[in-house]
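Asks: I have a structure I would like to understand better, so I am pasting it below and will then ask my questions one at a time.
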Amino acid sequence: MDEPIRVLVAKPGLDGHDRGAKVVAAALRDAGMEVIYGGLHQTPDAIVQMAVQEDVDVVGLSILSGAHMTLFPKVKELLDAAGAENVLLTGGGIISPDDMAGLEKLGVGKLFGPGSRLADLVDYIRAEVGQRRTAAGSA
Amino acid sequence: MRTVDPSSGGKTAPRSAKFVTWQEAFGAAKQREAPFETVSCEPVPPLVTQDDVADLDAENEIGLPGQFPFTRGPYASMYRTRLWTMRQFAGFGTAADTNARYKYLLERGQDGLSVAFDLPTLMGYDADHEHSLGEVGRCGVAISSLQDMETLFDGIPLGEVTTSMTINSPAAIIWAMYLVTAQKQGWKLDQLGGTTQNDILKEYIAQKEYIFPPEPSMRLVVDTMEYAAKHVPRWHPVSISGYHIREAGSTAVQELAFTLADGFAYVEACLERGMDVDAFAPRLSHFFNSHVDFFEEIAKFRAARRIYAKRMRDKYGAKKERSMTLRFHTQTAGCSLTAQQPYNNLVRTAWEALAGVLGGTQSLHTNSMDETYALPTENAVKLALRTQQLIAYESGVANTIDPLAGSWFVEDLTNKMERGAEEIFAQIDEMGGVVAAIEKGWFQREIARSAYQFQREVEAGRQVIVGVNKFVEEGEDDTIELLEISMDKENEQVERVKKLRAERSAPKVEEALARIRKDAEGGVNLMPAFMQASEAYATLGEMTDVLRDVFGTYRETPTF
Amino acid sequence: MTEAAPVATDRDAALVERVRAGDQRACARLMTWAERNDPRYAAAHRAFVGSLGTAQRIGITGPPGAGKSTLVEGLAEHWRKTEDRTIGVVAVDPTSPFTGGALLGDRVRMSRLVLDPGVFIRSMATRGVFGGLARATDDVADVLDLYGRHTVLVETVGVGQSEVDIARSCDLTLVVLHPGGGDTIQAMKAGLMEVADVYVVNKADMPGLDRLVQELYDVLELREIPEDQRPPVLTTVASNGQGVAELADAIDGMVAERRASGALDARREENLERRVRRLVDGRLRRDVWETQRLAEHLHKRLAGSGTLSAYELADEVLDVYRGAGRDQDPSSNDPSLPDTSPEDSA
Ligand SMILES: Nc1nc2c(ncn2[C@@H]2O[C@H](COP(=O)(O)OP(=O)(O)OP(=O)(O)O)[C@@H](O)[C@H]2O)c(=O)[nH]1
Ligand SMILES: [Mg+2]
């Protein structure tokens, strides 16, 4: 799979702490990915619309406001409804282990809390996208 | 990259024979495998001697507490008269929930209140706005109208406590609601003390909770400063904040310089409006982060006072001492806390708090150990408060003023901080000032770079974070109790706003909103209009919408 | 070299039909094929090319930060509001030559368009070299045409030849400048000034406007273009919409005029020629260096051979290529070769 992995990085909700989103965007770029930066304060509808038009492999969301239990499921639901169920939804923020587990049950990918290593995120995305592309016959 | 420069200042003065002997012995000794740098990725010398600070004019640059340039503290007697104010930031759920938490904290010896608002409030949306979905009462308390403000302070005499409110873009409106609430409790405006953060520049630079473009935002800030100077003299209308700049990933010296530069921009804006510097400067306050690098932080605080005093006197012509003294609030670094091994956060917070105290802070917030997961529980908040009380009453550090003065290392570091900040000021001036640099995305880019550099050093193991990249424990992390906020709170608040809209007098609201529009367009000080609208129970969202319409909204150009 | 002409399968054809019918996800996927130089795209293209040509394609280029994205947003909003016209946007940002990654940030400036189903935005990275960029953007614009978009706006940063090239392969090229950057001179160096059909001086609210406009007229003077053929100069403040309606009308006016005079057809023909040449160049290059493994040949010759003339070696490489190319087509019988050409798609 030599084609660059395309990732949409965005911040849903109202919080403006974009340090994490920006560090992640820069790291993914440096790992050879094409990062579409969706910016701050995006609604779930807008995020999914961007993800579909950009035909991304991954949507990465950063949420520090505590609204993750509302926002992740909403984005996942809309992605599925748009036929983009194959897109990996991942992200990070201030999220308790219980909440992470709960979200994973809903089909959200691994989530990364404060103190996570960028390298782990990069590896995770590469492995997941590799699998998904192969499964989809790279179509 | 690991070369060791034993002399910190690079002085060329001849060294004593003893020093040369030490240098040789040091050179011969084996070095521990470590980068020897601060958390800001600045190299640290192994030893600082008197020679390194030989140029320092101790009398004029360090001086005495309460005397220019206030390096040793803004007051002559410092903590011998009064300890710092222990002020824990709190707010969550509905106004009634937070009201109960305030009463809990006041009963346990907290001195002042500090309000955390939820994101919809910070962004000028009512709880029932579509953008508020899932965010109501999460990061703080939801205040959609005067009604909520009245509930928030129910049973708390506003003339007797001081209240700090962390609010920025809509600060003028929220402050108006507070003033009206106090008036309704029977207090006069000149009896009220407290602080509104109201520092919009750092929003563009770091926290990104802006609504309007910089220019009208600056006007709102100046409106509050003018109003405070005339009618609410005990209020601090702006708390010039570096905290968020640091949390966004800046280095210590960037935090110092960017924050002070923002403050000077407010000073210049007030001077432009024709205000007298000594009429408003005494009410300016600052707010810094206290990060994990103990000495770097102390040097930062000391340098901040010195730089500020010099500029206020020499550049802006301040005459009153109070206009030249920098007084600040400190919060320990949220970004230094880790989700792994959360109990470690208690320990980090303790020495961060100690650095704030040794740096001479006027008030302090200590973070709770569980904040990397959620808003703090009551227990965690209590421990954080106890941390301050332990420092104040058991450690003995509050007995003498500025105990680290004269430490060659600390003085040298303080000088470096000052020089570094001056270099940054020069860069900002060259770009045409703070607002121009914001519009160019300069601050944002500088911070993003520092944040990324730090993260890479962590990943490479050069910067050690215990529990994250060293002494990692496999398997389950310690489990701690977490605060749950249910969606019911959101629904409750949404209903409350809807009910209010139905019950209040619509014509009064219309009239008040029309006045806001007229004053916004006419360049009149907006505070009286906001107070009138608050009294009519116009909501925060309604008032902000008028301003959105008149001022437009801001979007930043992302920089990486 | 002949390349086995790929044939569109039913499934591929179905994707094309879905795009034509307005299926957003299908449109995005077909773009991905184009961008990856997937052979299925070339096959599909042959089939749908007949229905292209209805979209008017506007290239927008200029120095970094001139306000191109803000202007794209403004133009799109204008056309959406006044006549419900459908819009496609292609926003191109550079790929890092070191990591192959890219940060595509134009969308942030176009956030007001996101939820409008009448606007389709696609961000692209420049990815490779050798005109591969222009090939892919042309194709993505084709897909938007097929998707039925009335107007397609293609934004690139006017810093390098290939970016300028993209802007040129449209029906009309806007060069956006802004006061205060000393950009005009740089823009001239990049060959930007020559490709403009319209100059837009944006950020007219900033100091230095008059000087920039004057500088611009001086440049046009210098180039000795007859007065009546000079590209118009329009001023805008993209951030508050000032001058955007006038710009939109000017664009529509010029396209209509060119359509009527036949100049549009001539331009499209030129563009098509350049496009074909780019494809041929790309394929030849791939053929020489990869399919025929002449890079390996060259390396062998270089190894320890002292000083050789570059000219001599070039002749030698081409001789081998001509000899080999006549009697074999290894691309059709060597399964180990990649089926995409890095030159085209890289
Ligand atoms: N003052 C002023 N600022 C503008 C105007 N138009 C755009 N800007 C600002 O200029 C900055 C860059 O705008 P963009 O639209 O991102 O510029 P761009 O040319 O697309 O930039 P790149 O894609 O990075 O090359 C933003 O901060 C805009 O808000 C204008 O007319 N006046
Ligand atoms: Mg752009």
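Here, each number is a calculation from the coordinates, and none is a lab measurement. The structure presented is a predicted model; accordingly, all values stated were derived computationally and were not measured. Cβ atoms come from the backbone with ideal geometry, glycine included; neighbour counts cover every protein chain shown.
Asks: Considering only DSSP beta bridges where both residues belong to segment B:19-178, give the percentage that are antiparallel (nearest 5). Write down the numbers at each step before the final one.
Replies: Values: 1 of 8 bridges.
Beta bridges within segment B:19-178, antiparallel portion: roughly 10 percent.
Asks: Same structure again: What is the average number of partner chain Cβ atoms found within 10 Å of a Cβ in A:38-49? Each step should come with its number before you reach the end.
Replies: Values: counts 8, 12, 8, 7, 4, 5, 2, 3, 4, 1, 0, 9.
Across the residues of A:38-49, the mean count of other-chain Cβ atoms within 10 Å is 5.
Asks: Provide the net charge surrounding residue B:559, with neighbours chosen by a C-beta distance below 14 Å and charges set as Lys +1, Arg +1, Asp -1, Glu -1. If you can, show how the numbers build up before the last one.
Replies: Numbers: positive: A:19, A:22, A:29, B:208, B:440, B:445, B:449, B:555, C:109; negative: A:18, B:439, B:446, B:556, C:93, C:106.
Neighbourhood net charge equals +3.
Asks: Of A:127, C:117, B:536, which is farthest on the positive side of the dipole of the protein assembly as shown, counting Cα position, with +1 on Lys and Arg Cβ, -1 on Asp and Glu Cβ, and the Cα centre as origin?
Replies: Towards the positive end, the residue furthest out is B:536.
Asks: Still on this model: Could you tell me what percent of the DSSP beta bridges with both partners in segment C:53-260 are antiparallel, to the nearest 5?
Replies: On the way: 1 of 29 bridges.
The antiparallel proportion sits near 5 percent.
Asks: Under the definition of partner shielding as Cβ atoms of other protein chains within 10 Å of a residue Cβ, what is the mean value for peptide A:6-18?
Replies: On the way: counts 7, 1, 3, 1, 2, 1, 1, 9, 16, 9, 13, 9, 11.
Shielding by partners across A:6-18 averages 6.
Asks: Straight-line reach from residue C:81: which lysines fall under 24 Å, measuring Cα to Cα and dropping same-chain residues less than 8 apart?
Replies: Candidates past the 8-residue exclusion: C:68, C:203.
Asks: Among C:299, C:48, A:37, whose Cα sits farthest toward the positive end of the charge dipole of the protein assembly as shown (+1 at Cβ of Lys/Arg, -1 at Cβ of Asp/Glu, about the Cα centre)?
Replies: Working it through, the farthest residue towards the positive pole turns out to be A:37.
Asks: On to the next question. Using DSSP to call loops (not H, G, I, E or B), can you name the chymotrypsin sites (Phe, Trp or Tyr not before Pro) in segment B:412-520 whose Cβ has at most 13 other Cβ atoms within 10 angstrom? All intermediate terms of the calculation are to be shown ahead of the outcome.
Replies: Numbers: sites: B:425, B:442, B:443, B:452, B:454, B:471; in loops: B:471.
Within segment B:412-520, the qualifying chymotrypsin sites (Phe, Trp or Tyr not before Pro) (loop, at most 13 other Cβ atoms within 10 Å) are B:471.
Asks: Ok, one more. Under 8 Å for C-alpha pairs, at least 6 residues apart: give me the relative contact order for chain B, rounded to a whole percent. Mind dumping the intermediate values first?
Replies: Values: 980 pairs, mean separation 102.8, N = 560.
Result for chain B is 18 percent.
Asks: For the pair residue C:318/residue B:378, report the inter-label distance in nm, with labels modelled 7 Å from Cα in the Cβ direction.
Replies: 8.7 nm
Asks: Under the rule that an exposed site lies in a DSSP loop and has at most 12 other Cβ atoms within 10 Å, name the longest stretch of chain B with no GluC sites (Glu not before Pro) of that kind, not counting the sites themselves. Working shown, then result.
Replies: Numbers: sites that count: B:33, B:160, B:394, B:473, B:474, B:476, B:481, B:484.
Longest stretch, sites excluded: B:161-393.
Asks: Shifting gears a bit: Looking at segment B:34-177, what % of the alpha carbon pairs are farther apart than 21 Å?
Replies: Details: 6286 of 10296 pairs.
Across segment B:34-177, Cα pairs with separations above 21 Å total 61 percent.
Asks: Counting pairwise Cα distances across segment B:120-160, what percent come out greater than 17 angstrom?
Replies: Values: 283 of 820 pairs.
Value for segment B:120-160 (Cα pairs over 17 Å): 35 percent.
Asks: While we're here: State to the nearest 20 debye the size of the charge dipole of chain B about its Cα centre, where the only charges are +1 on K and R beta carbons and -1 on D and E beta carbons. Before the final figure, lay out the partial values.
Replies: On the way: 59 positive and 80 negative charges, 287 e Å.
The dipole of chain B has a size of about 1380 debye.
Asks: On a C-alpha basis, how far is the centre of segment B:482-526 from the centre of segment C:228-300 in Å? Whole number, if you could?
Replies: For segment B:482-526 versus segment C:228-300, the Cα centre distance is 52 Å.
Asks: Something else now. Could you tell me the extents of segment C:53-260's C-alpha atoms along the three principal axes, largest first, rounded to whole Å?
Replies: 44, 41, 33
Asks: Further question on the same structure: Run the quick spin-label model on residue B:184 and residue B:111: label points 7 Å from Cα toward the beta carbon, then report their separation in nm to one decimal.
Replies: 3.0 nm
Asks: Counting only the backbone N, which residues of segment C:83-118 are under 20 Å from the spot 7 Å out from the Cα of residue C:54 toward its beta-carbon?
Replies: C:83-90, C:117-118
Asks: Now for a different question. Compute the acute angle (0 to 90°) between the alpha-carbon long axis of helix B:252-272 and the principal axis of greatest extent of the alpha-carbon atoms of chain B; round to the nearest 10°.
Replies: Around 50 degrees separate the two axes.
Asks: Still on this structure, please answer the following. Averaged across B:339-346, how many Cβ atoms of other chains sit within 10 Å of each residue's Cβ atom? Provide the component values of the computation, followed by the final result.
Replies: On the way: counts 9, 4, 1, 0, 0, 0, 0, 0.
Across B:339-346, the average partner-chain Cβ count within 10 Å equals 2.
Asks: Over all distinct Cα pairs, what is the inverse of the mean 1/r for segment C:11-52, reported as the Kirkwood hydrodynamic radius in Å? Don't jump to the answer; show the numbers that get you there.
Replies: Values: mean 1/r = 0.0993 Å⁻¹.
Evaluated over segment C:11-52, this radius sits at 10.1 Å.
Asks: Just add up the charged neighbours of residue B:279: K/R +1, D/E -1, any other residue whose Cβ is under 12 Å from the Cβ of residue B:279. Walk me through the numbers before you get to the answer.
Replies: Values: positive: B:230, B:273, B:283, B:319, B:320, B:322; negative: B:226, B:276, B:278.
Once all neighbours under 12 Å are counted, the net charge is +3.
Asks: Also, quick follow-up: Can you pull out the trypsin sites (Lys or Arg not before Pro) in segment A:88-129 that DSSP calls coil and that have at most 16 other Cβ atoms within 10 Å?
Replies: Details: sites: A:105, A:110, A:117, A:126; in loops: A:110, A:117.
When the trypsin sites (Lys or Arg not before Pro) of segment A:88-129 are filtered for loop state and at most 16 Cβ neighbours within 10 Å, A:117 remain.
Asks: If all Cα-Cα distances of chain B are sorted into 20 Å bins from 0 onward, what percent lands in each bin, rounded to whole numbers?
Replies: 21, 55, 22, 3, 0
Asks: Relative to the longest principal Cα axis of chain B, at what angle does helix B:442-459 sit, 0 to 90 degrees, rounded to 10?
Replies: 60 degrees
Asks: Between residue C:227 and residue C:310, what FRET efficiency comes out of the Förster formula 1/(1 + (r/R0)^6) with R0 = 60 Å and r the beta carbon distance, rounded to 0.05? Working shown, then result.
Replies: Values: r = 47 Å, r/R0 = 0.79.
After rounding to 0.05, the efficiency reads 0.80.
Asks: Just to confirm the number: angle between the C-alpha axis of helix B:378-393 and the first principal axis of chain B, 0 to 90 degrees, nearest 10?
Replies: 50 degrees
Asks: Assuming R0 = 41 Å, can you tell me the calculated FRET efficiency for the pair residue C:161 and residue B:215, based on Cβ-Cβ distance, to the nearest 0.05? Write out the running numbers ahead of the final one.
Replies: On the way: r = 39 Å, r/R0 = 0.96.
Given R0 = 41 Å and the Cβ-Cβ separation, E is 0.55.
Asks: As an exercise, use a Förster radius of 22 Å and the Cβ-Cβ distance of residue B:234 and residue B:80 to find the FRET efficiency, rounded to the nearest 0.05.
Replies: In this case the efficiency is close to 0.40.
Asks: Follow-up. For each pair in B:202/B:518; B:208/B:440; A:22/B:208; A:22/B:202; A:76/A:110, compute the distance between the two Cα atoms and list the pairs where it is over 21 Å. Write out the running numbers ahead of the final one.
Replies: Numbers: B:202/B:518 28 Å; B:208/B:440 15 Å; A:22/B:208 13 Å; A:22/B:202 17 Å; A:76/A:110 13 Å.
Check vs 21 Å cut-off fails for B:202/B:518.
Asks: Could I have the simple spin-label model distance between residue B:100 and residue A:86, label points 7 Å from Cα toward Cβ, reported in nm to one decimal?
Replies: 5.1 nm
Asks: Further, regarding this structure: Could you give the spread of the C-alpha atoms of segment B:374-488 along their three principal axes, from largest to smallest, in whole angstroms?
Replies: 51, 44, 38
Asks: Hand me the trypsin sites (Lys or Arg not before Pro) from segment B:45-82 located in a DSSP loop with no more than 14 other Cβ atoms within 10 Å, in residue order please.
Replies: Working: sites: B:72, B:80, B:82; in loops: B:72, B:82.
In loop regions of segment B:45-82 (DSSP not H, G, I, E or B), the sparsely surrounded trypsin sites (Lys or Arg not before Pro) are B:82.
Asks: For the protein assembly as shown, just run the numbers: alpha carbon Rg, then divide by 2.2 N^0.38 Å, N being how many residues it has. Walk me through the numbers on the way to the answer.
Replies: Numbers: Rg = 31.5 Å, N = 1045, 2.2 N^0.38 = 30.9 Å.
Its radius of gyration relative to the 2.2 N^0.38 Å reference: 1.02.
Asks: Between residue B:160 and residue B:18, what is 0.36 nm times their sequence separation minus the Cα-Cα distance? Round to one decimal in nm. All intermediate terms of the calculation are to be shown ahead of the outcome.
Replies: Details: separation 142, 0.36 × 142 = 51.12 nm, distance 5.99 nm.
Taking 0.36 nm per residue and subtracting the Cα distance, the gain is 45.1 nm.
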